[in-house]
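*Asks:* Questions regarding the structure given below will be posed in turn.
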2 protein chains.
Amino acid sequence: MASARTLVLKHLHGRTSCYFNSVRSSRMVSIRAYSSKLSPPSKGVVYEQHGSPDEVTRVIDLPPVEIKENDVCVKMLASPINPSDINRIQGVYPVRPPLPAVGGYEGVGQVHDFGSAVKGLSIGDLVIPSPPSSGAWQTFVVKEESLWHKIDKDVPLEFASTVTVNPLTALLMLDDFVTLNPGDAIVQNGSTSIVGQCVIQLAKLRGVHSINIIRDRAGAEDVKERLKKLGADEVYTESQLEVKNVNGFLGALPEPALGFNCVGGNSASSVLKFLRQGGTMLTYGGMSKKPVTVSTSAFIFKDLTLRGFWLQNMMNSDRAVDCRVMIDYLLSLMRDRKLKYEMELVPFDEFPVALDKALGKLGSHPKQILKF
Amino acid sequence: MASARTLVLKHLHGRTSCYFNSVRSSRMVSIRAYSSKLSPPSKGVVYEQHGSPDEVTRVIDLPPVEIKENDVCVKMLASPINPSDINRIQGVYPVRPPLPAVGGYEGVGQVHDFGSAVKGLSIGDLVIPSPPSSGAWQTFVVKEESLWHKIDKDVPLEFASTVTVNPLTALLMLDDFVTLNPGDAIVQNGSTSIVGQCVIQLAKLRGVHSINIIRDRAGAEDVKERLKKLGADEVYTESQLEVKNVNGFLGALPEPALGFNCVGGNSASSVLKFLRQGGTMLTYGGMSKKPVTVSTSAFIFKDLTLRGFWLQNMMNSDRAVDCRVMIDYLLSLMRDRKLKYEMELVPFDEFPVALDKALGKLGSHPKQILKF
């Protein structure tokens, strides 16, 4: 531990820019110590190089950081381990925080302290980082006031900590690309993911039917029942759909106008087969690591549109201003138990076990939520 | 010949609907003969079943057809053999005229006669079928007045006969999907096709640069020179672009915002590699018979949009009303020699040879234009 920490600090002292104020602003300590407010010492999950998260991350003690006049110091309460957090540590994303970095991208915490110019928040307020950004896996996080969004205290912590990535992805994909009317249908694969479960519930609330594809697995019938209880109209395994024409699987539903793909390969092809003339498929993940393959005739005669969805792009667009309104809507659904999914709270001290579960090394587990 | 004709007529007499009034309206003869105007007897390329065009088509004599009060009888002057004509005969298109049918989809002709309610056309006027529709490969075509578009007599016949399919495709793809400004770039494969050559010239007229992909072939350097003379900025063979990153091939050009694919497979992947962040690729053909394959990261991180383009869809949309204006614009460019491509005029009597050339059975030949 001690040597890792020395390495981190040595590296940090060599930096001049300070975009991510989580780890790196600790360099301020040596320069301005005692001249202003400081956060408590923090404990965080740090990685100094990209690679397999179970090999490159370490939980280490981090020194206090300066709380500047517009900054808010938040005591983190809960933060999930998302697949995108793992991908960020692996270094597969094109935009990467400079290393070393603290892992984690979203979460929820309580206002612990703030700078002299902060007017909108009080000690004890519940806040989430919005837009989500690197550095959530530590006990104290210091960021500018504008980067924190105050939320309702009635929302269960584990839901508040997970609202800004997966549920918001589901909502934006449903609302931002194709106009759906009650009675319309959507189709998706990877339907047991948190995004998938949110899509089912949010579609149902809009009167939109959902056709859901899950991967073949032991207990598939139980999974189908569980998704139907959430509001899924139809649930099929990938192998059930390896047929030329899927019309027989529509049941009484109309052909879907919109499809969501987070798998790729044959599973993406099944989504495309369900789409109606002029339909759109959004790709937001590629769990099978296989590309999307589309026939010329599907483009020309079926007039399909294929696009990508990346939350980070939306956050950099003019939709970003609406996101907090959408987050409040999602939180209200969570508070009323109209939007739910299974999670497992794990003490922060047990991070390595939670990480192994998130990496799938210990069989199938619900979403892991670090509790600080 | 005689037996084929008998078969056709027998079949035609069994029909009641009459969407394509080329072959099928000949049934009227037996019902209303001598009650109204008739066209001269016609000679046409007829197919009674789908299949390889050199096996299923026959040039046969067709009886006179009735010219109803809103009909115009046109003596055809020229009509091309397009790849889409071949595909229609093969039966690969989802929308097919009922069989037997007369081949050909576009052309140019001269008004020969018309019904009593026709007000907008005179004998001798030069007209093209607009929208294009089945039945152009015959010496006399009878259609309603509204389906004929009168054109300027100064346009060379072979260009007038080919304006409504390939040049219009190029123009609509350039103008209808992405806003291009002077200085922007586009990328395309299949660049030696008529659509490809029109894209180069129309882009150049707009100050838009073109990056062009051609298939590997003997004489590739000559082809590159020829396309550059038309206005191409860069021309590469498919094998030149089988690299991970194509940025080195951009030269001084910006990354293209728009790409056109009529090949599929690796050639489509090369188009995608050139596209800029947020770029769009339109697929309008699949000459390699290979599908389009796209990585998940290209969708998500590069935010690509993939769509199809089918002229027939545009003709059924609200863009149809603008098409005649666009056709007149294209004809004016052709008249001024600002839009050109190589063609070979072939007497209609030599249809089988022209067809073999169009099918690629006799080596590489320019676009075949039947001259009646």
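The values are calculated or read from the model by the stated rules, or taken from the named source; none is laboratory data. The structure displayed is predicted, hence computed values, not measured ones. No Cβ is skipped: glycine too gets one built from the backbone with ideal geometry, and neighbour counts run over all protein chains shown.
Here's the yes/no breakdown for (1) surrounded by 20 or more Cβ atoms within 10 Å (Cβ to Cβ); (2) touching a Phe, Trp or Tyr at 6+ places or on another chain (Cβ under 9 Å); (3) more than 30 Å from A:Ile213 (Cβ to Cβ):
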position	(1), (2), (3)
A:Ser116	no, no, yes
A:Ala160	yes, no, no
A:Thr164	yes, yes, no
A:Met173	yes, yes, no
A:Val178	no, no, no
A:Gln188	yes, yes, no
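*Asks:* Across segment A:206-244, what is the total count of residues that are part of a loop (DSSP other than H, G, I, E, B) and either over 21 Å from A:Leu330 (Cβ atoms) or not small (Gly, Ala, Ser) (or both)?
*Replies:* Initially, segment A:206-244 is screened for residues part of a loop (DSSP other than H, G, I, E, B), giving A:206-208, A:215-219, A:231-233, A:242-244.
Next, from what is left, pick out any that are either over 21 Å from A:Leu330 (Cβ atoms) or not small (Gly, Ala, Ser) (or both): A:206, A:208, A:215-219, A:233, A:242-244.
Residues meeting the conditions: 11.
*Asks:* Determine whether B:Met326 is surrounded by fewer than 20 Cβ atoms within 10 Å (Cβ to Cβ), touching a Leu at 6+ places or on another chain (Cβ under 7 Å) and under 17 Å from B:Asn166 (Cβ atoms).
*Replies:* When the stated conditions are applied, B:Met326 passes them.
*Asks:* Separate question: Just to be sure before I move on: is A:Thr169 within 14 Å of chain B (Cβ to nearest Cβ) and under 30 Å from A:Gly104 (Cβ atoms) in the structure I sent?
*Replies:* Numbers: within 14 Å of chain B (Cβ to nearest Cβ): yes; under 30 Å from A:Gly104 (Cβ atoms): yes.
Criteria met by A:Thr169.
*Asks:* When only residues in segment A:73-88 that are of a type in the set (A, V, I, L, M) and within 28 Å of A:Val118 (Cα to Cα) count, which is farthest from the chain's Cα centre (by Cα)? Let's see the steps before the verdict.
*Replies:* Of segment A:73-88, the ones of a type in the set (A, V, I, L, M) are A:74, A:76-78, A:81, A:86.
Then keep just the ones that are within 28 Å of A:Val118 (Cα to Cα); that gives A:74, A:76-78.
Values: A:Val74: 20, A:Met76: 17, A:Leu77: 17, A:Ala78: 14 Å.
Among those residues, the one meeting the criterion is A:Val74.
*Asks:* Check A:Ile186, A:Ile200, A:Ile151 and return the single one that is without any contact (Cβ under 8 Å) to a residue 40 or more places away in the chain and in contact with a helix residue (DSSP H, G or I) (Cβ under 9 Å, 6 or more places away or on another chain).
*Replies:* Values: A:Ile186 fails: without any contact (Cβ under 8 Å) to a residue 40 or more places away in the chain; A:Ile151 fails: without any contact (Cβ under 8 Å) to a residue 40 or more places away in the chain.
None of the others qualify; the one that does is A:Ile200.
*Asks:* Restricting to segment B:36-59, give me the number of residues that are crowded, with 22+ Cβ neighbours inside 10 Å and either touching a His at 6+ places or on another chain (Cβ under 6 Å) or of a type in the set (A, V, I, L, M, F, W, C) (or both).
*Replies:* Residues that pass the stated criteria total 2.
*Asks:* Let me ask another. Could you check, for segment B:350-371, whether at least one of its residues is of a type in the set (D, E, K, R) and within 13 Å of another protein chain (Cβ to nearest Cβ)? Let's see the steps before the verdict.
*Replies:* The initial filter retains those residues of segment B:350-371 that are of a type in the set (D, E, K, R), namely B:350, B:356-357, B:361, B:367, B:371.
Remaining after also requiring within 13 Å of another protein chain (Cβ to nearest Cβ): none.
Checking segment B:350-371: not a single residue is of a type in the set (D, E, K, R) and within 13 Å of another protein chain (Cβ to nearest Cβ).
*Asks:* Within segment B:295-304, can you find the residues that are surrounded by fewer than 19 Cβ atoms within 10 Å (Cβ to Cβ) and of a type in the set (S, T, N, Q)?
*Replies:* If the condition is that a residue be surrounded by fewer than 19 Cβ atoms within 10 Å (Cβ to Cβ) and of a type in the set (S, T, N, Q), then B:Ser297 is the only one that fits.
*Asks:* Within segment B:239-264, restricting attention to residues that are out of contact with any Gly (no Cβ under 7 Å at 6 or more places or on another chain) and within 19 Å of B:Ile194 (Cβ to Cβ), which residue is surrounded by the fewest Cβ atoms within 10 Å (Cβ to Cβ)?
*Replies:* Ranking the qualifying residues of segment B:239-264, first place goes to B:Asn261.
*Asks:* Just to be sure, is B:Lys357 at pLDDT 95 or above, outside the structural domain of B:Lys244 (by TED's automatic domain parsing), in contact with a His (Cβ under 6 Å, 6 or more places away or on another chain) and surrounded by 15 or more Cβ atoms within 10 Å (Cβ to Cβ)?
*Replies:* Yes: the conditions hold for B:Lys357.
*Asks:* How many of the residues making up segment A:69-124 are part of a strand (DSSP E or B) and among the hydrophobic types (A, V, I, L, M, F, W, C)? I'd like the intermediate steps shown before the answer.
*Replies:* Of all residues in segment A:69-124, those part of a strand (DSSP E or B) come to A:71-80, A:101-102, A:108-114.
Keeping just the survivors that are among the hydrophobic types (A, V, I, L, M, F, W, C) gives A:72-74, A:76-78, A:101-102, A:108, A:111, A:114.
Number satisfying all stated conditions: 11.
*Asks:* In segment A:336-354, how many residues are surrounded by 17 or more Cβ atoms within 10 Å (Cβ to Cβ) and either without any contact (Cβ under 8 Å) to a residue 40 or more places away in the chain or basic (Lys, Arg) (or both)? Break it down into steps so the answer makes sense when it comes.
*Replies:* Within segment A:336-354, the subset surrounded by 17 or more Cβ atoms within 10 Å (Cβ to Cβ) is A:339, A:341, A:343, A:346, A:348, A:351, A:354.
With either without any contact (Cβ under 8 Å) to a residue 40 or more places away in the chain or basic (Lys, Arg) (or both) added as a condition, the list becomes A:346.
Looking only at that region, the number is 1.
*Asks:* Continuing with the same structure: What pairs come up if the first residue lies in segment A:230-241 and is at positive phi, the second is among the hydroxyl-bearing types (Ser, Thr, Tyr) and crowded, with 19+ Cβ neighbours inside 10 Å, and their beta carbons are under 7 Å apart, counting only those six or more places apart or on different chains?
*Replies:* Cβ pairs passing all conditions: none.
*Asks:* Then there's this: Kindly indicate whether B:Tyr19 is assigned by TED's automatic domain parsing to the domain that holds B:His365 and modelled with pLDDT under 50. Talk me through it step by step, then tell me what you get.
*Replies:* Numbers: assigned by TED's automatic domain parsing to the domain that holds B:His365: yes; modelled with pLDDT under 50: yes.
Yes, satisfied.
*Asks:* Say whether the condition of being more than 9 Å from chain A (Cβ to nearest Cβ), buried (at least 21 other Cβ atoms within 10 Å of the Cβ) and in contact with a strand residue (DSSP E or B) (Cβ under 7 Å, 6 or more places away or on another chain) is met by at least one residue in segment B:287-294.
*Replies:* The answer is no, given that none of the residues of segment B:287-294 is more than 9 Å from chain A (Cβ to nearest Cβ), buried (at least 21 other Cβ atoms within 10 Å of the Cβ) and in contact with a strand residue (DSSP E or B) (Cβ under 7 Å, 6 or more places away or on another chain).
*Asks:* For A:Ser332, which of the numbered conditions (1) more than 23 Å from A:Lys153 (Cβ to Cβ); (2) surrounded by fewer than 17 Cβ atoms within 10 Å (Cβ to Cβ) fails to hold?
*Replies:* Failing condition for A:Ser332: (1).
*Asks:* Confirm whether A:Val141 is buried (at least 18 other Cβ atoms within 10 Å of the Cβ), over 14 Å from A:Phe372 (Cα atoms) and of a type outside the set (S, T, N, Q). Quick ask: steps written out before the conclusion?
*Replies:* On the way: buried (at least 18 other Cβ atoms within 10 Å of the Cβ): yes; over 14 Å from A:Phe372 (Cα atoms): no; of a type outside the set (S, T, N, Q): yes.
Against the criterion (buried (at least 18 other Cβ atoms within 10 Å of the Cβ), over 14 Å from A:Phe372 (Cα atoms) and of a type outside the set (S, T, N, Q)), A:Val141 does not qualify.
*Asks:* Need the failing condition index for A:Arg307 against (1) within 11 Å of another protein chain (Cβ to nearest Cβ); (2) without any contact (Cβ under 8 Å) to a residue 40 or more places away in the chain, just the number.
*Replies:* Among (1) within 11 Å of another protein chain (Cβ to nearest Cβ); (2) without any contact (Cβ under 8 Å) to a residue 40 or more places away in the chain, the lone unmet condition for A:Arg307 is (2).
*Asks:* Oh, and also: Considering only segment A:75-91, I want to know if a residue exists there that is surrounded by fewer than 18 Cβ atoms within 10 Å (Cβ to Cβ), without any contact (Cβ under 8 Å) to a residue 40 or more places away in the chain and not aliphatic (A, V, I, L, M).
*Replies:* Within segment A:75-91, one or more residues are surrounded by fewer than 18 Cβ atoms within 10 Å (Cβ to Cβ), without any contact (Cβ under 8 Å) to a residue 40 or more places away in the chain and not aliphatic (A, V, I, L, M).
*Asks:* Now, a different point. Tell me, which residue of segment A:95-114 that is out of contact with any helix residue (DSSP H, G or I) (no Cβ under 8 Å at 6 or more places or on another chain) and closer than 21 Å to A:Val346 by Cα is surrounded by the fewest Cβ atoms within 10 Å (Cβ to Cβ)?
*Replies:* In this case the residue turns out to be A:Gln110.
*Asks:* Among the residues of segment B:297-304, are any more than 14 Å from B:Asp176 (Cβ to Cβ), in contact with an Asp or Glu (Cβ under 9 Å, 6 or more places away or on another chain), more than 7 Å from every other protein chain (Cβ to nearest Cβ) and touching a residue at least 24 places away in the same chain (Cβ under 8 Å)? Give the steps one after another, and end with the answer.
*Replies:* Step one: filter segment B:297-304 for residues more than 14 Å from B:Asp176 (Cβ to Cβ), giving B:297-304.
Now restrict to residues that are in contact with an Asp or Glu (Cβ under 9 Å, 6 or more places away or on another chain): none.
No, segment B:297-304 has no match at all.
*Asks:* Out of segment B:154-183, which residues are touching a helix residue (DSSP H, G or I) at 6+ places or on another chain (Cβ under 9 Å), assigned to a loop (DSSP other than H, G, I, E, B) and under 30 Å from B:Cys73 (Cβ atoms)?
*Replies:* Filtering segment B:154-183 for residues touching a helix residue (DSSP H, G or I) at 6+ places or on another chain (Cβ under 9 Å) gives B:154-156, B:159-160, B:162-176, B:180.
So of that shortlist, the ones also assigned to a loop (DSSP other than H, G, I, E, B) come out as B:154-156, B:162-165, B:176, B:180.
B:Asp154, B:Val155, B:Pro156, B:Thr162, B:Val163, B:Thr164, B:Val165 - these are the residues of segment B:154-183 that are touching a helix residue (DSSP H, G or I) at 6+ places or on another chain (Cβ under 9 Å), assigned to a loop (DSSP other than H, G, I, E, B) and under 30 Å from B:Cys73 (Cβ atoms).
*Asks:* Has segment B:266-283 got any residue that is under 16 Å from the mean Cα position of the chain (by Cα) and within 14 Å of another protein chain (Cβ to nearest Cβ)?
*Replies:* Taking segment B:266-283 and keeping what is under 16 Å from the mean Cα position of the chain (by Cα), we get B:283.
If we keep only those that are within 14 Å of another protein chain (Cβ to nearest Cβ) as well, we get B:283.
Within segment B:266-283 (the criterion being under 16 Å from the mean Cα position of the chain (by Cα) and within 14 Å of another protein chain (Cβ to nearest Cβ)), the answer is yes, since at least one residue qualifies.
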